[in-house]
Amino acid sequence: MLDVSEIFGPTIQGEGKKIGTPSIFIRFGRCNFDCNGFGVEYTTPSGVKKFGCDSYYAVDSEFKKFWKSYENHLEIVAEVEKILPADYKPDIVITGGEPMIYWKNEEFQKLLEYYVTNRFNVTIETNGSLDIDITKSYQQDILYSISVKLSNANESYKKRVNFRALEEMITKSKKSYLKFVIDENHKNSIEEIKDILSKLPNAQVFLMPMGDSKDEIVKNSLYVIELCVKYGYKYSDRLHIRVWDNKRGV
Ligand code: SF4
């Protein structure tokens with residue numbers, strides 16, 4: 001069964017290497033982290049106040065009643081069909097939650113294969129912590145946008161940094177890259193990144209400001225740009241937040 005939190009678009013990709021590209025997003029439910037260090041406060045359907053990331057509604061299983069479960073990948077394809085533009089093929093972005101939870105699911109693989117073989121550009125946004133094997137050619141054609149979590153996410157190092165998985169994605173799909181979320185309160189982030197990159201010297205790297213609101217992105221972006229310029233990393237904005245603030249489904 002594939003649990004999907006939402007399917008929306010076309011809109012633009014708001015972050016990372018393909019920022020600005022018209023895209024349809026398939027957001028899977030469930031995650032192996034909660035990243036409460038990102039400090040986004042929310043209330044669960046049962047009224048409990050918690051902290052998490054800006055995709056908490058796709059992470060916290062209390063929101064499962066709002067997700068839709070699909071048995072067959074073609075049901076998801078049919079949902080996407082309804083919003084496909086007539087004149088062009090948008091990118092297909094598989095996101096979450098943590099979509100790699102479904103990597104071993106046959107229907108998940110069929111979904112990926114369907115879009116790659118039908119000449120859509122496919123991105124998977126992942127935290128890069130789960131073991132996967134990339135063995136098929138369509139899997140190598142996917143862009144893996146890997147947001148490795150730093151200590152500011154408040155998850156243990158052992159859980160969040162999986163060199164085997166990172167190497168698998170970076171070496172098997174040359175388009176793949178790493179993206180780190182940065183905020184001014186964690187000055188050791190650069191040391192953490194350098195430590196990770198010492199074992200992944202060929203990875204392309206983007207730094208991105210933390211924040212789930214326009215104000216926070218504005219507040220953190222200058223600091224992140226200065227780090228990029230100082231250390232030679234690429235800057236990624238969070239354009240969707242800058243434009244639409246924390247509105248969902250745009
Ligand atoms: S890994 Fe990503 S989706 Fe999961 S809790 Fe952390 S930021 Fe949210």
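Each reported figure results from applying straightforward, stated rules to the coordinates on display, with no laboratory input. Just so it is clear, the structure is predicted and the values come from calculations on it, not from any experiment. Positions of Cβ are generated from backbone atoms using ideal geometry, with glycine treated the same way; all protein chains shown enter the neighbour counts.
Values computed for the structure shown
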item	result
Lone cysteines, the chain (no partner Cβ under 4.7 Å)	Cys31, Cys228
For a label point 7 Å along the Cα-to-beta-carbon line of Glu79, residues of the stretch 18-39 with backbone N under 15 Å	24-30
Descending principal axes extents, the stretch 2-244, alpha-carbon based, whole Å	46, 44, 36
Separation of the Tyr231 and Phe66 label points, Cα + 7 Å toward Cβ, nm	3.4
Sites matching chymotrypsin sites (Phe, Trp or Tyr not before Pro) across the stretch 125-191 that sit in DSSP coil, with at most 12 neighbouring C-beta atoms within 10 Å	none
Residues Glu168, Glu75 arranged by fewest to most Cβ contacts within 10 Å	Glu75, Glu168
Ellipsoid semi-axes in whole angstrom, largest first, where each is sqrt(5λ) of the Cα gyration tensor of the stretch 6-53	26, 14, 10
Computed [θ] at 222 nm, helices only, for the chain once each DSSP H run of length n ≥ 4 contributes -39500 (n - 2.57)	-8500 deg cm²/dmol
Dipole axis of the stretch 2-244 (+1 Lys, Arg; -1 Asp, Glu on Cβ), positive-most option in Trp103, Ile225, Val148	Ile225
Packing-based exposure ordering (other Cβ within 10 Å, fewest first) of Arg27, Arg242	Arg242, Arg27
Fewest-first sequence of Lys175, Lys149, Lys199 by Cβ atoms within 10 Å of each Cβ	Lys199, Lys175, Lys149
DSSP H segments from the chain that extend 24 Å or more along their own axis, Cα-based, with Kyte-Doolittle mean of -1.0 or above	214-231
Gaussian network model of the chain, springs between alpha carbon atoms under 10 Å - residue of Phe66, Phe206, Phe108 with greatest fluctuation	Phe66
Separation between Cα centres of the stretch 81-110 and the stretch 166-204, rounded to whole Å	24
FRET efficiency estimate (nearest 0.05) - Cβ-Cβ, Val243 to Ser46, R0 22 angstrom	0.10
Length gained when the stretch Leu130-Met1 is fully extended (0.36 nm per residue, less Cα-Cα span)	44.6 nm
Over the stretch 1-88, volume per residue of the alpha carbon convex hull, in Å³	118
